[in-house]
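The values are calculated or read from the model by the stated rules, or taken from the named source; none is laboratory data. Since the structure is predicted, the reported quantities are computational estimates derived from the model, not experimental observations. Positions of Cβ are generated from backbone atoms using ideal geometry, with glycine treated the same way; all protein chains shown enter the neighbour counts. Accessible surface is based on the protein model in full, side chains and every heavy atom, while ligands, DNA and RNA are left aside. Shrake-Rupley method; radii C 1.70, N 1.55, O 1.52, S 1.80 Å.
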Amino acid sequence: FCVLSNKIKTADEALHVYRDKDVVENCFDDLKNHMDMKRIRVHSAAAMDGRLFLQFLALIYVSSIRSKIKKDEKIKYFTVKKVMEEMETLVKIKYSNRYGQVFTETTPTHRRLMDLFNIKLSP
């Protein structure tokens, strides 16, 4: 790649600008391909505004998940989809009597993700 500019003076700065641009492109790719925004399929402007707002919130959550998993050495290569699939198997069961609530069996990956996101497994 070649970057032509009279503003960017160093290679480090050029790489930083390129990576920032890549983050924005990946967000649009996520919206289109992973969050079903290829076609909006709405019949009113209010519905379109609502759908875009919800997609924006979802994108914030996805970005937050990405940034948190990058900080952990053991799961930094997980994708957001892999994290969601992993956590999908964890179920919280609430009892109406004295037992309160319990989680289904947790794996080491479940526990690591719960710690990473500061979610407590016990009531």
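When the stretch 1-16 is examined, which residues are found to be open to solvent by less than 70 Å² (accessible area, probe 1.4 Å) and modelled with pLDDT of 70 or more?
Looking only at the stretch 1-16, we keep the residues that are open to solvent by less than 70 Å² (accessible area, probe 1.4 Å), and these are 5, 8, 14.
Scanning the stretch 1-16 gives a single hit, ALA14.
Run down VAL83, VAL62 and say which single residue is aliphatic (A, V, I, L, M) and outside the structural domain of GLU25 (by the TED database).
On the way: VAL62 fails: outside the structural domain of GLU25 (by the TED database).
Among VAL83, VAL62, only VAL83 is aliphatic (A, V, I, L, M) and outside the structural domain of GLU25 (by the TED database).
One residue is enough: does the stretch 72-85 have a residue meeting the conditions among the hydroxyl-bearing types (Ser, Thr, Tyr) and either under 14 Å from the mean Cα position of the chain (by Cα) or modelled with pLDDT of 80 or more (or both)? Full working, then the answer.
So the first thing to find is which residues in the stretch 72-85 are among the hydroxyl-bearing types (Ser, Thr, Tyr), and the list is 77, 79.
Okay, now just the ones that are also either under 14 Å from the mean Cα position of the chain (by Cα) or modelled with pLDDT of 80 or more (or both), so 77, 79.
Yes, because at least one residue in the stretch 72-85 is among the hydroxyl-bearing types (Ser, Thr, Tyr) and either under 14 Å from the mean Cα position of the chain (by Cα) or modelled with pLDDT of 80 or more (or both).
I'd like the residue in the stretch 45-59 that is of a type in the set (A, V, I, L, M) and over 24 Å from THR109 (Cβ atoms) and, out of all such residues, is least open to solvent (accessible area, probe 1.4 Å). Please lay out each step first, then the result.
Start the filter on the stretch 45-59 by keeping residues that are of a type in the set (A, V, I, L, M), which leaves 45-48, 52, 54, 57-59.
Filter once more, keeping what is over 24 Å from THR109 (Cβ atoms): 45-48, 52, 54, 57, 59.
On the way: ALA45: 68, ALA46: 77, ALA47: 44, MET48: 71, LEU52: 75, LEU54: 115, LEU57: 62, LEU59: 24 Å².
Only one residue tops the list, namely LEU59.
Please work out which residue is modelled with the lowest pLDDT, limiting yourself to the stretch 100-118 and to residues that are part of a loop (DSSP other than H, G, I, E, B) and loosely packed, with under 10 Cβ neighbours inside 10 Å. Before you say what the answer is, go through the steps one by one.
We begin by selecting, within the stretch 100-118, every residue part of a loop (DSSP other than H, G, I, E, B); these are 100, 104-107, 117-118.
Applying the additional criterion that residues be loosely packed, with under 10 Cβ neighbours inside 10 Å yields 105, 118.
Numbers: GLU105: 80, ASN118: 87.
Applying the filter and picking the extreme gives GLU105.
Does the stretch 31-40 contain at least one residue that is modelled with pLDDT under 75, open to solvent by 60 Å² or more (accessible area, probe 1.4 Å), more than 27 Å from LEU113 (Cα to Cα) and touching a helix residue (DSSP H, G or I) at 6+ places or on another chain (Cβ under 9 Å)?
Within the stretch 31-40 (the criterion being modelled with pLDDT under 75, open to solvent by 60 Å² or more (accessible area, probe 1.4 Å), more than 27 Å from LEU113 (Cα to Cα) and touching a helix residue (DSSP H, G or I) at 6+ places or on another chain (Cβ under 9 Å)), the answer is yes, since at least one residue qualifies.
If I go through the stretch 79-99 residue by residue, how many of them are open to solvent by less than 100 Å² (accessible area, probe 1.4 Å) and in a helix (DSSP H, G or I)?
6
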